[in-house]
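Have a look at the structure below before the remarks.
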Amino acid sequence: GFKTCVLTNNWVDDSGGRLFTATLMSLLHRHFDLVLESCRLGVLKPQPEIYTYALDALQAKPQEV
């Protein structure tokens with residue numbers, strides 16, 4: 001089978017609308033094997049480290065994704 005992953009460049013939402021963001025992220029977690037958020041990893045796309053992290057988390061090789 002396939003594993004699916006969402007890799008986002010986002011930030012911790014402390015605005016009044018944060019409930020929407022939290023709900024969206026909760027929904028994403030239900031539909032994907034892995035949801036990686038740059039704000040939680042401390043690294044942004046296009047930095048190579050975020051892709052290396054995703055590959056390690058998915059136990060995948062670059063040529064497999």
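Are there any pairs with C-beta distances below 6 angstrom linking a residue in the stretch 32-52 that is in a helix (DSSP H, G or I) to a residue that is among the β-branched types (V, I, T), with the two at least 6 apart or on different chains, and if so which?
Close Cβ pairs satisfying both conditions: C39/V12; E49/V43; I50/V43.
Please work out which one of (1) farther than 17 Å from N10 by Cα; (2) open to solvent by less than 100 Å² (accessible area, probe 1.4 Å); (3) in a helix (DSSP H, G or I) is the condition A60 fails and give its number.
It is condition (3) that A60 fails.
Looking at D14, D33, which is the one that is open to solvent by 50 Å² or more (accessible area, probe 1.4 Å) and under 13 Å from the mean Cα position of the chain (by Cα)?
On the way: D14 fails: under 13 Å from the mean Cα position of the chain (by Cα).
Result of the check over D14, D33: D33.
Can you name the residue in the stretch 36-57 that is small (G, A, S) and open to solvent by 40 Å² or more (accessible area, probe 1.4 Å) and, of all such residues, is nearest to C5 (Cα to Cα)?
Applying the first criterion (small (G, A, S)) to the stretch 36-57 yields 38, 42, 54, 57.
From the residues that got through so far, the ones that are open to solvent by 40 Å² or more (accessible area, probe 1.4 Å) too are 42, 57.
On the way: G42: 18, A57: 10 Å.
The selected residue is A57.
Write out, first by first residue and then by second, each pair whose Cβ atoms fall under 6 Å of each other, whose residues are 6+ apart or on separate chains, and whose first residue, in the stretch 4-29, is without any contact (Cβ under 8 Å) to a residue 60 or more places away in the chain and in a helix (DSSP H, G or I) while the second is charged (D, E, K, R) and open to solvent by less than 60 Å² (accessible area, probe 1.4 Å).
Pairs that qualify, where the first residue is without any contact (Cβ under 8 Å) to a residue 60 or more places away in the chain and in a helix (DSSP H, G or I) and the partner is charged (D, E, K, R) and open to solvent by less than 60 Å² (accessible area, probe 1.4 Å), are T21/D13.
The values are calculated or read from the model by the stated rules, or taken from the named source; none is laboratory data. Since we're looking at a predicted model, the values are computed, not measured. When we count neighbours, we look across all protein chains shown, and the Cβ atoms used for this are built from the backbone with ideal geometry, even at glycine. What goes into the accessible areas is simple: the full protein's heavy atoms, side chains included, and nothing from ligands, DNA or RNA. Shrake-Rupley method; radii C 1.70, N 1.55, O 1.52, S 1.80 Å.
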